[in-house]
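Just below is one structure, and these are the notes that go with it.
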Amino acid sequence: MNKLKNKVAVITGANSGIGLATAKLYLQEGAKVVLSGRRQEALDAIVKDLSGDFITVLADVSKPEDNVNLIKEATNKFGKIDILFLNAGIAPPTPTNEITESHYNEIFDINVKGPILAVKEALPHINDGGSILFTNSIVHQKGFDGLGVYSASKGALRAYSRVLTSEVKSRGIRVNSIAPGPIDTPIYGKMGLPEDVVEDMGKGFAQQVPLGRFGKSEEVANTALFLASDEASYINGIEIEVDGGLSQV
Ligand code: NAD
């Protein structure tokens, strides 16, 4: 239970789904954790379920000043950072003929600009030998109707992570990504779609997955633990699919 003993981890999108499951696991494994999210009430609501050494920080990753503040609060409290997990993201679907500039800007601001600016702020404070993780998605490997801008944002993030892997090599910082398939998290309820449409979409996804089901946040968190831990000490620059095999068939 001490795979991350005394490590400091900063996690964005930590009040829900994959980020929250990872924060809980990191705390169990001895890490000091900064949980960040953009809704104060959601952050307040999770505190009672957490134990260990942690703080919560309100930060909208799409706002440069919030990324500055997030890293400042993290380092004020815990000093250096060992693990930076850029996980916050949104996935509202829109078919190409209905894409608007604001749809594009919202997704790219949160899914691409946010993590890139957070990395920039955090880098001077990340210990040599540290670990940077991105939550990406398998959507940039396959075509899912209506997810054009979302898929483009995750493809952009993957491209960025390769460059970052090279840029931080002299410091021994490892950069890896997780590409979830369909995972049962609140993200589906935030897509702006009627409940029955979401349900049908979910059934459709599950049928395509070789394992025949949605994944759990905890299954992604296990991968986030592995990649951040010393067990993955020679794993660098990759993207691991946690998708029940969906991207491979
Ligand atoms: P979720 O909705 O439960 O969590 C998303 C988190 O991101 C929330 O905490 C939310 O508050 C936060 N967030 C959104 N916009 C933000 C902003 N502007 N600033 C700060 N925080 C913000 O969903 P999840 O499924 O746990 O999503 C986590 C990541 O996993 C996302 O990057 C998503 O794209 C990715 N992903 C999810 C799935 C899936 O099927 N659930 C599949 C592939 C990839």
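General remarks:
- Between amide H atoms placed 1.01 Å from N, distances below 5 Å from GLY215 occur with ILE183, ASP184, all of them 5 or more places distant or on a separate chain.
- The chain, relative contact order in percent, only Cα pairs under 8 angstrom and at least six apart counted: 20
- Radius, Kirkwood style, for the chain when every pair of distinct Cα atoms is counted (Å): 18.1
- A cut-off of 5 Å between modelled amide H atoms, ignoring neighbours fewer than 5 places along the same chain, links GLY237 with VAL175, ASN176.
- Net +/- balance of residues flanking ARG174 in space, Cβ distance below 14 Å, scoring K and R +1, D and E -1: -2
- Reachable aspartates and glutamates, given that their alpha-carbon falls under 12 Å from the alpha-carbon of LYS216 and they are not under 8 places away in the same chain: ASP184, ASP243
- Partners of LYS120 within straight-line reach, counting lysines whose Cα lies under 22 Å from its Cα and excluding those fewer than 8 residues away in the same chain: LYS7, LYS32, LYS63, LYS72, LYS77, LYS80, LYS154, LYS169.
- Rel. contact order, % - alpha carbon contacts under 8 angstrom, at least six apart, region 25-89: 29
- Put simply, when 129-139, 190-200, 206-216, 34-44 are sorted by average Cβ atoms within 10 angstrom per residue, most first, you get 129-139, 34-44, 206-216, 190-200.
- Excluding ligands, DNA and RNA, the accessible surface per residue across region 1-96 is 42 Å² with a 1.4 Å probe.
- Pairwise centroid distance, computed over Cα atoms, of region 51-99 with region 1-18, Å: 12
- Surrounding net charge for MET201, when Lys and Arg each add one and Asp and Glu each subtract one, Cβ distance under 12 Å: -4
- Residue-averaged 222 nm ellipticity for the chain, from DSSP H runs of 4+ at -39500 (n - 2.57), nearest 500: -12500 deg cm²/dmol
- Taking 17 Å as the straight-line reach from the Cα of LYS5, the aspartates and glutamates in range (excluding those fewer than 8 positions away in the same chain) are GLU29, ASP53, ASP82, ASP128, ASP230, GLU231.
- Within-11-Å neighbourhood charge of GLY17 [Cβ basis; K, R +1; D, E -1]: 0
The values are calculated or read from the model by the stated rules, or taken from the named source; none is laboratory data. Since the structure is predicted, the reported quantities are computational estimates derived from the model, not experimental observations. Here the Cβ is made from the backbone with ideal geometry for all residues, glycine too, and neighbour counts use every protein chain on show. Ligands, DNA and RNA are excluded from the accessible area calculation, which covers all protein heavy atoms including side chains. Shrake-Rupley method; radii C 1.70, N 1.55, O 1.52, S 1.80 Å.
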